[in-house]
1. Is it the case that region 174-182 has a residue that's in contact (Cβ under 8 Å) with a residue 60 or more places away in the chain and farther than 26 Å from PHE94 by Cβ?
2. In region 327-338, what count of residues is obtained for those that are assigned to a loop (DSSP other than H, G, I, E, B) and surrounded by 13 or more Cβ atoms within 10 Å (Cβ to Cβ)?
3. Of the residues VAL64, VAL118, which single one is at pLDDT 95 or above and either within 28 Å of LEU307 (Cβ to Cβ) or touching a Pro at 6+ places or on another chain (Cβ under 7 Å) (or both)?
4. Those residues that are without any contact (Cβ under 8 Å) to a residue 40 or more places away in the chain and among the small types (Gly, Ala, Ser), I need them from region 220-254; list them, please.
5. Applying the selection to region 52-99, what residues are over 17 Å from TRP144 (Cβ atoms), without any contact (Cβ under 8 Å) to a residue 60 or more places away in the chain and in a loop (DSSP other than H, G, I, E, B)?
6. Just one of ALA21, ALA27, ALA9 is assigned to a helix (DSSP H, G or I) and either open to solvent by less than 70 Å² (accessible area, probe 1.4 Å) or at pLDDT 50 or above (or both); which is it?
7. Of the residues ALA254, ALA267, which is in contact with a Phe, Trp or Tyr (Cβ under 7 Å, 6 or more places away or on another chain) and closer than 24 Å to GLY191 by Cβ?
8. Suppose we filter GLY86, GLY100, GLY61 for residues that are under 30 Å from THR322 (Cα atoms) and either open to solvent by 10 Å² or more (accessible area, probe 1.4 Å) or touching a Lys or Arg at 6+ places or on another chain (Cβ under 7 Å) (or both); which single one remains?
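The values are calculated or read from the model by the stated rules, or taken from the named source; none is laboratory data. These numbers were taken from a predicted model, which means no experiment stands behind them. All Cβ positions, glycine included, derive from the backbone under ideal geometry; neighbour counts span all protein chains shown. For accessibility, only protein heavy atoms count, side chains too; no ligands or nucleic acids. Shrake-Rupley method; radii C 1.70, N 1.55, O 1.52, S 1.80 Å.
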Amino acid sequence: MTDLTRRQALFLAAGLPLAGAVTHARAATPQKITVALDWTVNTNHIGLFVARDKGFYRDAGLDVEILPYGDTGSGTLVANRVADFGISGSLGLFTQKSAGADLKAVYAVVQSETGRVVFNADRAAIKSPKNLDGLTYGGFGSAWENALLRTIIRHDGGKGDFSTVTLGTSAYDALANGSVDFTLEVSTWEGVEAELKGLKQRSFRYADYGVPDEHTTLIASSNAFLSANPKAAAAFVKATRRGYAFAVDQALEAGELLIAANKDTLANPALIDASLKALNDGHFLKSANGAIGTMDKAKMEAMGGYLFSSGILLDGNGKALTAKPDVEAYFSNEFLGA
C-alpha cells in the first residue's frame, strides 16, 4: 500500500474529510432576484444599489438584478411575474391592486409624504391653496392629481376649480418660464434640483390640507412570489433595509456608490448629495422615531380610505369600488423580520 492510499484509508476509517479526495458540499447557488424601478435612477433607489454593490444581497444568498427603467410600469412587471419586486408609489399600489393586480407592498422606502404643490415664489397673490382657484395646473395625466388638488384647495375654503394642461416632466420648465401657475413635485428630487438651479419656489404640503400623510414610495412584490419564496423574500427585504440604513448612516459613500453604478444617467453629483441630504434631514428614509422600511398601518388605512372615498379606486371593469378595500391585504411588514 502506498503512502497515499494508506493515508486515505486512515482518514476514511476515521470518518474524516480528506482534502483532494473528499469534495466539500458546494455552496448553495445564489437565488436570482429581479427588481424593477418606477422611474429613471434617483436617490429613492439608493438602498438597492448599496445593498447590491456592498455585497449585502450576496451575503444573504441572493443574486439581485436591478432592471433598467422602461415603458412598462413596475407594478405591471411585478404582477405579471416579469420582476420579483418593484419600486411603487402608494397610488400605483392601491389603484392596480384594486383593479385585480397581484401586488403586495413589503417595504416603505420613505416614511412620509415627499410630494408638494409648488409654484414660483414671486406669486405674492398665492398665499394659501384656495388662491389656486382659476389658475393653470401643469399636470401628468392621472385622475389622482385632480382629486388631490381639489381636496387641498377645498380644505382651504376654495372651490377646487382650475385648468389643467398635461405636460409630463415638461411641467417643471413650464413652471419656471411662467407657462403654468403651479404643478406637483417630489421635494427631495425636483425640489432640490430647482434649488440648485437657483429657482425660487414656495410650496404646500399635502398633509397640511386634508390629504392623509403616506409612504410615498414602497417596494412591492406579488403574492405568488412571496408565497413560493418566503425565505428569499425575507432575505431580500432585510438586505434591502440594510442598504437603506447604510445610506442613512454613511450617506457620502452611499451617494458615491449610486453615482458609480449609474454614470450614464446621474451626471450631477451635487444633485445626488443634496437630494440624499434632504431625504436624511427630513427623516424620510428613517423616521424621527427610528422606523426604517416599516409601513405604518394607520397611514396605509388612511390613504386607502381617502382614495376610496375620492372615487379613485376602480375594479377590474373600471367601475368605482362600492366597498372600502381590505387595506391589510395590500401590505405586510412580516418580511422585515421586525
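1. Yes, that holds for at least one residue.
2. Matching residues across region 327-338 total 2.
3. Working: VAL64 fails: either within 28 Å of LEU307 (Cβ to Cβ) or touching a Pro at 6+ places or on another chain (Cβ under 7 Å) (or both).
The conditions single out VAL118.
4. Selection gives SER227, ALA228, ALA251.
5. Within region 52-99, GLY55, PRO68, TYR69, GLY70, ASP71, THR72, ASN80, VAL82, ALA83 meet the criteria.
6. Among ALA21, ALA27, ALA9, only ALA9 is assigned to a helix (DSSP H, G or I) and either open to solvent by less than 70 Å² (accessible area, probe 1.4 Å) or at pLDDT 50 or above (or both).
7. When all the criteria are applied, what remains is ALA254.
8. Working: GLY86 fails: either open to solvent by 10 Å² or more (accessible area, probe 1.4 Å) or touching a Lys or Arg at 6+ places or on another chain (Cβ under 7 Å) (or both); GLY61 fails: under 30 Å from THR322 (Cα atoms).
Residue meeting the stated conditions: GLY100.
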